[in-house]
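In what follows, a structure is listed as structure tokens, so that the remarks can point back to it.
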Amino acid sequence: MKKLTITEAKQIDLTGYLASEGHYPDPKMSNSQDYWYLSPLPGRNEERPSFKVDRKLNLWIDFGIGKGGSIIDFGILYHGCTIPEFLERLQTFLSFHRTPSPALQQPMGKVQALGQSALSSERKKLQVVSAGPIISPALIHYLGQRKIPVELAQAYCKEVKYELHGKQYYAIGFPNDDGGYELRNPYFKGSSSPKGITFLDKGAQEVSVFEGFFNFLSFLTLHQDRQQPPINLLVLNSLSYFEKSRPLMEKHGTIYLYLDRDTAGMKHSSQVVKENSPYKDCSNLYQDCKDLNQWLIQNFLQVQCEMQSLNKAKELAQGMQNEQVTRGKGRRI
């Protein structure tokens, strides 16, 4: 793959890159040429936007610290990295664009910016274009980084192409029960409408509950080679669905909680885990990590070794069983 040059990088639409990092302009202060943001730079905490992007020049300035420049200058400050490291990040960022940025299709001065009236509505418009099997090398690589087997992800997720801000991207898509998708790639965390929970009913009396689908996939990764009784699985897809989902959870005799170990997740767990309660907090498994997926990433070599030992034990047991069957047939003859 041809490496991205500094000149090419400077033509990438800065507002598109900011959107991929979760930063959007203030609709009240912005117009067709100047987009104003709460500064996304580290250490900046403000209530009134002081970070401006000139769409015509594709340049930024942070009036709060008196610095500005191109997307390159922004990237090395934002990520705290070198120019070559940021160019590598941009190379990966571009690989998640199905179509080139408008900044690469026409001269910067001719880029058509959104008007002030369209800004607030445009930022909310995410439309799924298509969904199919996960085949993109970039997404398969991303699953590898998260230590999720491709075959497992393909059983529960889709490769979703979606449109946002007039551009097309693609991501791992996890369907919910209402017809929407949770969408993840290295540069985007979002969802399509409608938003909702995902419940996998296996007819069991126990249920395991997860905040997000990567923790759900991590749980399946840890248990994929273990013979265990069936258990129902609930992915909230947002902690805001916890209270709404309690009637569904409490239909089960035992409720295993695998919520994030942040303030919100631990607060919800502590509120329902009481003496003689059906709720069980399982987050002690990953007590030194933010969530189950982070624990899997950090302990993957150990997990791999345990899985290999388990598979060898299964093969040995199967071999002994086959040998006993063969001997039994011999005696009958």
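The values are calculated or read from the model by the stated rules, or taken from the named source; none is laboratory data. A quick note: this is a predicted structure, and the numbers were derived from the prediction, not measured. Cβ placement follows ideal geometry from the backbone for every residue including glycine, while neighbour counts extend to all protein chains displayed.
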For the stretch 8-49, the count of residues that are of a type in the set (Gly, Ala, Ser), farther than 19 Å from Leu94 by Cβ and surrounded by fewer than 16 Cβ atoms within 10 Å (Cβ to Cβ) equals 2
The stretch 57-66, residues that are surrounded by 15 or more Cβ atoms within 10 Å (Cβ to Cβ) and either in contact with a strand residue (DSSP E or B) (Cβ under 6 Å, 6 or more places away or on another chain) or farther than 13 Å from Pro40 by Cα (or both): Asn58, Leu59, Trp60, Ile61, Asp62
Can you work out which of the residues in the stretch 257-270 that are surrounded by fewer than 18 Cβ atoms within 10 Å (Cβ to Cβ) and in contact with a strand residue (DSSP E or B) (Cβ under 9 Å, 6 or more places away or on another chain) is nearest to Asp177 (Cα to Cα)? Met266
Working carefully through the options Gly166, Gly144, Gly132, find the one that is within 18 Å of Asn293 (Cβ to Cβ) and loosely packed, with under 15 Cβ neighbours inside 10 Å. Gly144
Restricting to the stretch 216-256, name every residue that is polar (S, T, N, Q) and either assigned by TED's automatic domain parsing to the domain that holds Leu143 or touching a strand residue (DSSP E or B) at 6+ places or on another chain (Cβ under 6 Å) (or both). Asn232, Asn237, Thr254
Can you give me the ranges of the strands (runs of 3 or more DSSP E) entirely in the stretch 169-258 with at least 1 residues that are in contact (Cβ under 8 Å) with a residue 40 or more places away in the chain, at negative phi and not β-branched (Val, Ile, Thr)? 181-185, 188-191, 198-200, 206-210, 254-258
Please go through the stretch 213-242 and give me each residue that is among the hydrophobic types (A, V, I, L, M, F, W, C) and over 16 Å from the mean Cα position of the chain (by Cα), ordered by number. Leu220, Leu222, Ile231, Leu233, Leu234, Phe242
